[in-house]
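Please treat every number below as a calculation from the coordinates, not as lab data. Keep in mind it's a predicted model, so treat the numbers as computed, not measured. For neighbour counting, all protein chains shown are included, and Cβ atoms are generated from backbone atoms with ideal geometry for every residue, glycine included.
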Amino acid sequence: MDSHEHISVIDKMAELLDVICRDGSGNPSDLSRRLGIPRTTVHRILQTLVDLKILTSTYEPGPRLLQWAAPAYGQQGLEIIAQESLQRLVGQFHDTASVYIRTGVARVCIGRLEGTEAIHHRVHVGAVLPLHIGSAGRVLLAWLDDETRNRLIQQSIAWSQVSLPRVSPDWRQIRREGWAFTQGERDPVLASVSVPIFDGADHVAAALSISGPSGRFDRPRVLAMVQELQKEAQAIRVRWQSIDPGNLDQEKE
């Protein structure tokens, strides 16, 4: 294959990814018809993208693509605006504080500040985690309609190969109380508590979380965390709506 053929394949791959990322998924027949690319070529490119974990087996954005996208999401400014809140939360509770967004069938960490205790939860910006596991995932799912939520959970299970937790979440309770707590779902020694960050249209834009060793998450402390998390989530929302995007680069310096 010469260089021109390589470029042609890359062009077709980019066109396929454009459609899939815009629509959320795709199938070979529909993609072939819409893009005017032979179905066999579409299928071959899709299979390569699946093998590379750029797409899932159901042709949705996969973990590798999401990890590449994470830095770009950070440029939207939410992780910059959240830094003051993360600092206050870590300063008060000494455990790791993070911000997650939903991307396809996963949740991606776009902001974090590690805890100050000798033993603390380590998570890096850009980490791609299953959507159906952990308190942040529950918060990101709870406000969706039942059909969408169930579909995303099944798709998250399919690409992550992580089964459902033993205890099913009470989605109504999460929405009513405005927070979620999990213990030992992703790691047997970890616990986390999360609240939603709403955008101006009252949609859940992100989850604000505190995580750490389970032994430090007794109920009185969890309730104290919830109170501060909700206060900081509201502060982030207000600041996010009022800030001039042109000033974000200055704040980052």
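A few comments on the model shown:
- Distance from the range 29-62 to the range 87-110 (C-alpha centre basis), Å: 33
- Between GLU177 and SER57, the distance separating the two model label sites (each 7 Å from Cα on the Cα→Cβ line) works out to 3.5 nm.
- Ellipticity at 222 nm from helices only: DSSP H runs of n ≥ 4 in the chain, each -39500 (n - 2.57), divided by the residue count, give -15500 deg cm²/dmol.
- Burial ranking of peptide ranges 157-170, 183-196 (average Cβ count within 10 Å, highest at the top): 183-196, 157-170
- Across ARG149, ARG34, ARG221, mean-square fluctuation computed from a Gaussian network of the chain (C-alpha pairs under 10 Å connected) peaks at ARG34.
- Residues TRP68 and SER163, FRET efficiency given R0 of 35 Å [Cβ-Cβ distance, rounded to 0.05]: 0.85
- Nearest-ten-degree value, helix 146-160 long axis tilted from longest Cα axis of the chain: 80
- Shape of the range 103-253, Cα gyration tensor, a/c cut at 1.5: rounded
- Compared with the dominant Cα axis of the chain, that is its longest principal axis, helix 39-51 is turned about 30°.
- Amide N proximity, the range 85-127 versus ARG239 label position 7 Å along Cα-to-Cβ, cut-off under 14 Å: 85-91, 98-99, 111-113
- Ranked by how many other Cβ atoms sit within 10 Å of their own Cβ, fewest first, the residues ASP11, ASP146, ASP199 fall in the order ASP146, ASP11, ASP199.
- Acute angle (nearest 10 degrees) that the helix 3-23 long axis makes with the longest principal axis of the chain, alpha-carbon atoms: 50
- Candidates LEU152, LEU86, LEU31: whichever shows maximal mean-square fluctuation once the chain is modelled as a Gaussian network with Cα springs under 10 Å: LEU31
- Karplus-based coupling profile of the range 178-187, in residue order and whole Hz: x, 7, 9, 10, 9, 9, x, 7, 8, 9, with θ = phi - 60° in 6.51 cos²θ - 1.76 cosθ + 1.60 and x standing for Gly or Pro.
- Residues SER8 and ASP202, FRET efficiency given R0 of 35 Å [Cβ-Cβ distance, rounded to 0.05]: 0.15
- Working note: Debye formula, equal point scatterers on the alpha-carbon atoms of the chain, no solvent; log10 I(q)/I(0) at q = 0.08, 0.14, 0.17 Å⁻¹ is -0.35, -0.95, -1.25.
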